[in-house]
1. Spot the failing condition for residue 194; the list is (1) assigned to a helix (DSSP H, G or I); (2) under 18 Å from residue 179 (Cα atoms); (3) out of contact with any helix residue (DSSP H, G or I) (no Cβ under 7 Å at 6 or more places or on another chain), and only one is missed.
2. Among what's in segment 257-293 and is over 16 Å from residue 31 (Cβ atoms), at pLDDT 95 or above and within 21 Å of the chain's Cα centre (by Cα), pick the residue that is surrounded by the most Cβ atoms within 10 Å (Cβ to Cβ).
3. Hey, can you tell me all the residues within segment 228-248 that are touching a helix residue (DSSP H, G or I) at 6+ places or on another chain (Cβ under 8 Å) and either at pLDDT 95 or above or buried (at least 19 other Cβ atoms within 10 Å of the Cβ) (or both)?
4. Would you pick out the residues in segment 199-226 that are without any contact (Cβ under 8 Å) to a residue 40 or more places away in the chain, within 24 Å of residue 118 (Cα to Cα) and not in a helix (DSSP H, G or I)?
5. Of the residues 56, 45, 25, 74, which is in contact with a strand residue (DSSP E or B) (Cβ under 9 Å, 6 or more places away or on another chain), touching a residue at least 12 places away in the same chain (Cβ under 8 Å) and either part of a strand (DSSP E or B) or under 22 Å from residue 268 (Cβ atoms) (or both)?
6. Of the conditions (1) in a loop (DSSP other than H, G, I, E, B); (2) out of contact with any strand residue (DSSP E or B) (no Cβ under 6 Å at 6 or more places or on another chain); (3) more than 19 Å from residue 107 (Cα to Cα), residue 31 clears all except one; give me its number.
7. Just one of (1) at pLDDT below 95; (2) under 28 Å from residue 3 (Cβ atoms) trips up residue 58, so point out which.
8. Would you mind stating whether residue 112 is touching a strand residue (DSSP E or B) at 6+ places or on another chain (Cβ under 6 Å) and surrounded by fewer than 21 Cβ atoms within 10 Å (Cβ to Cβ)?
């Protein structure tokens, strides 16, 4: 099972030296994947109907723009996979995201995994002049268009929401096409991931329990119904590094593996580690524990 780590942007802040230090430490410690979140605009305060996790995404929290940040991280690392989890695709211009992703893939020499999702924050959709209500429908056409842009020299496209005459991207990505993983929590989104995605990024607050087992079956069944091989698709789950409990961390990762997860992403944010060195110490302890087990 592959092992990744989430970039703790809120704790690292806007210091480029800290960004470089964390990314290089993750690579040197042996993590295979480095994951980055996406939020463009941050509310001044939590609204009454916001979900429980909304306080982590107010204007008091530093969240880097992932495509720009990945270009920087690509230059200071050599082998670690770079994962967006998730770019909120329907609130962004499809062709521009395809261009940015291709550029990051070129600069990283083929290390990008584009995680995408439909999001939950209506404030961002309004600010970015995008329709919140039809986001699930639009993301399917977006995925089709991006894959064609990445693999065809030129194309003419006429869809429901996108249209242009014979055109193409240059440079095209190293990967043909770039892997697209879907972040998904609700069953319709999980089924979409099974039908269209190269993998599923499990909602981070889900644990390896009976409900997770059911959701994995939803994902696999959707893939099979679409005449795809479920075993060829990835599943990434999240484990929070809390309380310094190495045995607990590894047991939770093993529980996810037994359910069918192909990778686990460990998260050090939101666990009391306010300084970058504390995050790196937790990561080092985790990898040392894995080596000893």
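1. Every listed condition holds for residue 194 apart from (3).
2. 259
3. 228, 229, 230, 233, 235, 237, 239, 241
4. Looking only at segment 199-226, we keep the residues that are without any contact (Cβ under 8 Å) to a residue 40 or more places away in the chain, and these are 200, 203, 206, 209-211, 214-215, 217-219, 221-226.
So of that shortlist, the ones also within 24 Å of residue 118 (Cα to Cα) come out as 200, 203, 206, 211, 214-215, 217-219, 221-226.
Within segment 199-226, 200, 203, 206, 226 meet the criteria.
5. 74
6. The single condition residue 31 does not satisfy is (2).
7. With (1) at pLDDT below 95; (2) under 28 Å from residue 3 (Cβ atoms) applied to residue 58, the lone miss is (2).
8. Details: touching a strand residue (DSSP E or B) at 6+ places or on another chain (Cβ under 6 Å): yes; surrounded by fewer than 21 Cβ atoms within 10 Å (Cβ to Cβ): no.
Spelling it out, it is not the case that residue 112 is touching a strand residue (DSSP E or B) at 6+ places or on another chain (Cβ under 6 Å) and surrounded by fewer than 21 Cβ atoms within 10 Å (Cβ to Cβ).
The values are calculated or read from the model by the stated rules, or taken from the named source; none is laboratory data. Since the structure is predicted, the reported quantities are computational estimates derived from the model, not experimental observations. Quick reminder, even Gly has a Cβ in these numbers, built from the backbone with ideal geometry, and neighbours come from all protein chains shown.
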